[in-house]
Amino acid sequence: MMFLRLRMVTVCRALCRVRMTLQSEAVGPVRTCSVSAQTSRTPLRWDLTPLDIRSKTDSLVRRIKKLYDDIGSLNLEEVSVENTLRALALAKMEYGSARHALDFPQYVSPCKEVRSASTEADKRLSDLDVELSMREDIFTRVIALQQKYQDVLTREERRFADRIITLGKRNGLHLSKDIQEEIERTSKRLSELSIEFNKNLNEENTYLVFSEHELGGLADSYLNGLEKTEDGCYKVTLEYPHYYPLMKRCHVPDTRRRMEKAFHSRCLKVNTEILEQLLQLRARLSSLLGFSSHANYVLQMNMAKNDTNVRDFLDSFHEKLRPIGEKERRYILSLKKRESLMRGLAFDGQINAWDLPYYMNQVEQCKFSVDKDKLIEYFPLDLVTEGLLDIYQNLLGLTFTRVKQPGAWHPEVSAYRVVDTASGEEIGQFYLDLHPREGKYGHAACFGLQPGCMGADGKRSLSVAAMVANFTKPSKGWPSLLQHHEVETYFHEFGHVMHEICSKATFSEFSGTQVETDFVEVPSQMLENWAWEAEPLRRMSGHYRDGSAIPDPLLSRLIASRVANTGLMNLRQVVLSKVDQSLHSSPHTDTAQVFAKHCQEILGIPATPGTNMLASFSHLAGGYDGQYYGYLWSEVYSMDIFFNRFKKQGIMNPLVGAEYRKVILEPGGSSDGLDMVTTFLGRAPRQDAFFQCKGLSEGEDMSH
């Protein structure tokens with residue numbers, strides 16, 4: 001997931017009171033390198049206290065308002081590319097970088113006071129975002145500039161001006177003052193509610209207690225990572241490294257039922273109320289701006305353009321996936337019936353929500369003989385990291401150098417410099433924050449921290465990004481061992497990091513992942529494929545005891561298992577996409593009911609009564625509102641890219657990798673997603689690779 005609302009980073013006052021000092025060391029395949037001084041570097045601080053955050057927020061608000069006031073006070077006859085368009089671009093660049101230092105700690109700082117101060121800063125700066133977006137004086141001057149200099153603007157300058165004007169109209173700057181005032185009030189309230197929604201999830205710390213018997217089926221490596229109670233029972237949190245292995249491996253149905261109900265009851269009351277307020281406010285805002293729904297409002301800026309195209313796309317996928325989903329459900333039900341008889345359990349004749357992950361895992365074992373307990377031993381986190389970084393370096397022509405003393409927001413965070421291997425130019429830095437802790441963002445995501453774009457001095461600023469994940473911590477003599485799906489997640493999120501780092505846009509407005517929302521997942525999804533190919537898997541695996549390779553039969557079975565449960569997994573994406581579209585096409589009040597209805601109708605599996613998965617569905621408050629379909633939409637493009645370029649010409653082919661970096665990653669949002677894909681493929685995109693990968697076949701032009 002690319003977290004679309006957020007940006008940058010700081011840290012707890014007592015944890016590390018040092019400025020960043022970038023001293024490099026080579027680690028594994030990550031090499032030392034010489035760095036040329038062709039980039040503009042702003043020192044990043046990680047030692048801000050709550051007081052620092054508040055004072056810097058005050059200062060930033062004053063500074064940015066002054067920059068906007070200067071541009072907005074220009075006489076219309078005086079506007080020029082330099083004093084208007086480029087001045088605005090530099091103001092946005094300065095604001096973006098400074099803002100991220102203030103609003104990111106709420107997701108990663110180990111200090112609760114810092115997290116709270118960062119959340120408050122985010123609220124205040126979100127209000128500023130709204131105020132800046134409502135600056136009619138800026139809007140008017142960019143229109144004047146466009147009319148005066150349209151023929152001499154560069155392509156990216158023209159795109160930037162067009163975007164400012166389009167966004168201005170989408171904020172109602174062409175409408176009456178009373179409507180503008182209501183839009184501003186509503187937008188501020190929307191920002192505040194979204195921040196509260198995610199804060200509630202970050203601070204959620206529920207755990208359940210189980211006996212060893214109740215955790216039957218789970219491996220020693222899992223149990224050894226759990227905290228124990230005084231009476232010898234185990235504390236199981238709702239964090240990913242605890243929740244998902246239990247749901248897939250525990251053969252005690254009641255344990256799974258309790259966990260699933262707790263997991264989908266996180267922040268149930270408070271976030272359900274917030275979500276339903278968000279839906280009503282979004283509908284009102286869209287109506288004020290002349291749109292029939294919030295979905296149509298957000299889709300105007302995407303590849304899909306409108307809700308009719310999205311509905312047709314999802315309906316088509318539903319129809320194609322329905323037969324394979326029905327077949328998979330029948331097989332899973334037969335597995336449940338057999339296990340119920342074997343274990344002396346009552347068979348209720350249906351697949352419950354807490355059954356699905358468990359029996360999908362059984363499908364992989366029964367049909368493909370994938371031994372998950374054995375497989376996990378070959379993916380120690382350190383070795384996966386070493387191999388993954390090596391693959392990305394070789395493929396994209398980059399050199400990563402580990403920072404010896406990163407002085408980051410937590411001792412477990414590692415940092416790396418990124419250098420273009422051919423030129424020796426440093427192009428960016430990234431951070432890896434890979435383990436769960438209290439108060440930390442609970443999913444896996446990439447956060448853009450500093451845009452890679454042209455600065456006032458004519459030099460390119462360094463792109464900076466952080467990958468935040470929640471992989472199991474090492475414990476009691478056991479290293480951190482990854483499930484294969486976590487390896488896939490690692491490849492996905494690091495793909496977002498590379499999209500940020502490789503950016504060569506002129507303006508921060510188009511830096512890195514600032515692309516259409518239904519295109520933003522394409523690069524990261526495309527790179528997931530390396531987690532399903534033999535050569536990359538061998539390069540990033542080895543038994544945690546002796547480094548021995550994954551046995552060929554196990555590796556082959558793993559790769560073959562990619563088609564396991566493909567119908568149900570993709571139908572679940574259809575469910576979430578249709579729920580999102582439904583909620584944002586009319587302001588429903590009962591979100592739990594809408595989710596349950598689609599689960600039953602499309603997936604054929606009822607939602608657990610008394611729960612509401614949407615109360616913890618952070619995408620709906622994290623920038624994917626009305627746009628969750630983008631995961632399926634972009635996967636079509638990503639599969640086309642992989643199978644018709646890399647798979648055909650070599651998945652580790654550096655020439656294809658270099659072209660991919662240049663055509664897909666470097667432009668950021670300075671070109672349309674469809675144009676970039678068409679250029680890279682040499683033809684219009686098609687759906688056939690997606691369906692072939694899912695065990696089906698389909699060919700359809702995706703250029704319209």
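The values are calculated or read from the model by the stated rules, or taken from the named source; none is laboratory data. Keep in mind the model is a prediction, meaning the values are calculated, not measured. Because the Cβ atoms are built from the backbone with ideal geometry, glycine has one as well, and the counts that use them run over all protein chains shown. We work out accessible area using only protein heavy atoms, side chains counted, and drop any ligands, DNA or RNA first. Shrake-Rupley method; radii C 1.70, N 1.55, O 1.52, S 1.80 Å.
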Name the one entry in GLY452, GLY442 that is open to solvent by less than 10 Å² (accessible area, probe 1.4 Å), part of a loop (DSSP other than H, G, I, E, B) and at pLDDT below 95.
GLY452
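Check THR385, THR421 and return the single one that is under 30 Å from GLY622 (Cα atoms) and among the hydroxyl-bearing types (Ser, Thr, Tyr). If you could, list the steps in order and put the result at the bottom.
Numbers: THR421 fails: under 30 Å from GLY622 (Cα atoms).
Only one candidate qualifies: THR385.
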Which one of these is over 30 Å from ALA117 (Cα atoms), open to solvent by less than 50 Å² (accessible area, probe 1.4 Å) and at pLDDT below 95: ALA161, ALA219, ALA144?
ALA219
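Listed here are the residues, each with its yes/no results for (1) modelled with pLDDT of 95 or more; (2) in contact with a strand residue (DSSP E or B) (Cβ under 8 Å, 6 or more places away or on another chain).
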residue: GLN38; (1), (2): no, yes
residue: PRO43; (1), (2): no, yes
residue: LEU48; (1), (2): no, no
residue: LYS65; (1), (2): yes, no
residue: ASP70; (1), (2): yes, no
residue: GLU78; (1), (2): yes, no
Of the criteria (1) over 30 Å from ARG437 (Cβ atoms); (2) without any contact (Cβ under 8 Å) to a residue 60 or more places away in the chain; (3) touching a Ser or Thr at 6+ places or on another chain (Cβ under 7 Å), which one LEU215 fails
(1)
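I need the full set of residues from the stretch 357-366 which are open to solvent by 20 Å² or more (accessible area, probe 1.4 Å) and either among the hydroxyl-bearing types (Ser, Thr, Tyr) or touching a residue at least 60 places away in the same chain (Cβ under 8 Å) (or both), in order please. Please lay out each step first, then the result.
Here is the first cut: in the stretch 357-366, the residues open to solvent by 20 Å² or more (accessible area, probe 1.4 Å) are 357, 360, 362, 364-366.
Within the stretch 357-366, PRO357, MET360, GLU364 qualify.
Only one of these is under 28 Å from PRO110 (Cα atoms), open to solvent by less than 30 Å² (accessible area, probe 1.4 Å) and of a type in the set (Asp, Glu): GLU196, GLU230, GLU260. Name it. Before you say what the answer is, go through the steps one by one.
Working: GLU196 fails: open to solvent by less than 30 Å² (accessible area, probe 1.4 Å); GLU230 fails: open to solvent by less than 30 Å² (accessible area, probe 1.4 Å).
After ruling out the rest, the residue left standing is GLU260.
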Checked the stretch 240-257 for anything buried (at least 18 other Cβ atoms within 10 Å of the Cβ), under 31 Å from the mean Cα position of the chain (by Cα) and closer than 17 Å to SER211 by Cβ; matches are HIS242, LEU246, ARG249, CYS250, THR255, ARG256
Does LEU345 meet the test of being open to solvent by 60 Å² or more (accessible area, probe 1.4 Å), out of contact with any helix residue (DSSP H, G or I) (no Cβ under 6 Å at 6 or more places or on another chain) and among the hydrophobic types (A, V, I, L, M, F, W, C)?
yes
Give the number of residues within the stretch 63-80 that are within 14 Å of ALA91 (Cβ to Cβ), assigned to a helix (DSSP H, G or I) and not aromatic (Phe, Trp, Tyr).
9
Quick check on PHE430: is it open to solvent by 10 Å² or more (accessible area, probe 1.4 Å), of a type outside the set (Asp, Glu) and closer than 27 Å to SER541 by Cβ?
no
Suppose the filter is polar (S, T, N, Q), modelled with pLDDT of 95 or more and surrounded by fewer than 17 Cβ atoms within 10 Å (Cβ to Cβ); does THR237 pass it?
no
Looking only at the stretch 481-501, decide whether some residue is surrounded by fewer than 20 Cβ atoms within 10 Å (Cβ to Cβ), among the aliphatic types (A, V, I, L, M) and touching a residue at least 60 places away in the same chain (Cβ under 8 Å).
no
Kindly indicate the residue of the stretch 587-604 that is open to solvent by 20 Å² or more (accessible area, probe 1.4 Å) and in contact with a Leu (Cβ under 6 Å, 6 or more places away or on another chain) and also nearest to ALA295 (Cα to Cα) among those meeting that condition.
PRO587
